[in-house]
1. If a residue has to be more than 14 Å from Pro123 (Cβ to Cβ) and within 13 Å of the chain's Cα centre (by Cα) to count, how many in region 67-89 make the cut?
2. Taking only pairs six or more apart or across chains, which ones have beta-carbon atoms under 6 Å, a first residue in region 39-61 that is of a type in the set (Gly, Ala, Ser), and a second residue that is assigned to a loop (DSSP other than H, G, I, E, B)?
3. Could you tell me how many of the residues in region 79-99 are of a type in the set (Lys, Arg) and either under 11 Å from Leu119 (Cβ atoms) or assigned to a helix (DSSP H, G or I) (or both)?
4. Filter region 62-78 for residues that are assigned to a loop (DSSP other than H, G, I, E, B) and either modelled with pLDDT of 90 or more or among the aromatic types (Phe, Trp, Tyr) (or both); which is least open to solvent (accessible area, probe 1.4 Å)?
5. Do we have Cys13 as out of contact with any Ser or Thr (no Cβ under 7 Å at 6 or more places or on another chain) and of a type outside the set (Lys, Arg) here?
6. Looking at this structure, is Gly118 open to solvent by less than 60 Å² (accessible area, probe 1.4 Å), part of a loop (DSSP other than H, G, I, E, B) and free of Cβ contacts under 8 Å to residues at least 24 places away in the same chain?
7. So which residues in region 26-48 are assigned to a helix (DSSP H, G or I) and surrounded by 11 or more Cβ atoms within 10 Å (Cβ to Cβ)?
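The values are calculated or read from the model by the stated rules, or taken from the named source; none is laboratory data. A quick note: this is a predicted structure, and the numbers were derived from the prediction, not measured. Cβ placement follows ideal geometry from the backbone for every residue including glycine, while neighbour counts extend to all protein chains displayed. In case anyone asks, the SASA skips ligands and DNA or RNA and just uses the protein heavy atoms, side chains included. Shrake-Rupley method; radii C 1.70, N 1.55, O 1.52, S 1.80 Å.
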Amino acid sequence: MPSKRSTLVSLACLRCNSIFTTKPSRIKIGKGKFCSRKCSAIARSPSAPERFWAKVDRSNLDGCWPWTAGQFRRAGQAPYGAFCVNHQNRPAHQVAWELHYGRQVPVGKQANHTCDFGLCCRPSHIYIGTQADNMADMVSRQRARNKWTGTHTMPSLKQNQKPGASRLLR
């Protein structure tokens, strides 16, 4: 009398290369490629760069590439894109720069926009600099406005003020 026990086949997991056994019938139906459900789920899920670029609208050939997914906003500021990497939300424009150039933003530096559009993820519109660089850029483009009055925050020197007094306002 033939045994009802089916034979097992040894295979290497497509994700982690560990050896596992499976039934030939599972191979016939297209299963039996992974050693565990965890390996199967990881292999099916897209990589971080694929997930990231799927959320960026790159249809504009010359202009900005806006972030189309989650956003965060500080009080009185324009929104910025947010992307989760290793269970940590990070600015999308910073992730775009890191993916494009293949290195991390140096400690003490940040990713700044040349286009003044917080949701832009186009690497050519992003440069690495300090917060002071960003503030100087903001003033040079006349983006420094008081959020309550709408006036420029860097007042010009009045007729009756001494030339050195303007340094106290900076």
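1. First, the residues of region 67-89 that are more than 14 Å from Pro123 (Cβ to Cβ): 68-80, 82-89.
Then drop every residue that is not within 13 Å of the chain's Cα centre (by Cα), which leaves 68-72, 80, 82-89.
So the answer is 14.
2. Ser40/Phe34; Ala43/Arg15
3. If we filter region 79-99 for residues that are of a type in the set (Lys, Arg), which is where we start, we get 90.
Among the residues that remain, those that are also either under 11 Å from Leu119 (Cβ atoms) or assigned to a helix (DSSP H, G or I) (or both) are: none.
Of the residues in region 79-99, 0 are of a type in the set (Lys, Arg) and either under 11 Å from Leu119 (Cβ atoms) or assigned to a helix (DSSP H, G or I) (or both).
4. Within region 62-78, the first condition is being assigned to a loop (DSSP other than H, G, I, E, B), and the residues that meet it are 62-65, 68-70, 73-78.
After this cut, where a residue has to be either modelled with pLDDT of 90 or more or among the aromatic types (Phe, Trp, Tyr) (or both) as well, the list is 63-65, 68-70.
Details: Gly63: 19, Cys64: 36, Trp65: 47, Thr68: 92, Ala69: 36, Gly70: 40 Å².
Out of the qualifying residues, it is Gly63.
5. Details: out of contact with any Ser or Thr (no Cβ under 7 Å at 6 or more places or on another chain): yes; of a type outside the set (Lys, Arg): yes.
Yes: the conditions hold for Cys13.
6. On the way: open to solvent by less than 60 Å² (accessible area, probe 1.4 Å): yes; part of a loop (DSSP other than H, G, I, E, B): yes; free of Cβ contacts under 8 Å to residues at least 24 places away in the same chain: no.
Here the answer is no, as Gly118 does not meet what is asked.
7. Those that are assigned to a helix (DSSP H, G or I) and surrounded by 11 or more Cβ atoms within 10 Å (Cβ to Cβ): Arg26, Ile27, Lys38, Cys39, Ser40, Ala41, Ile42, Ala43, Ala48.
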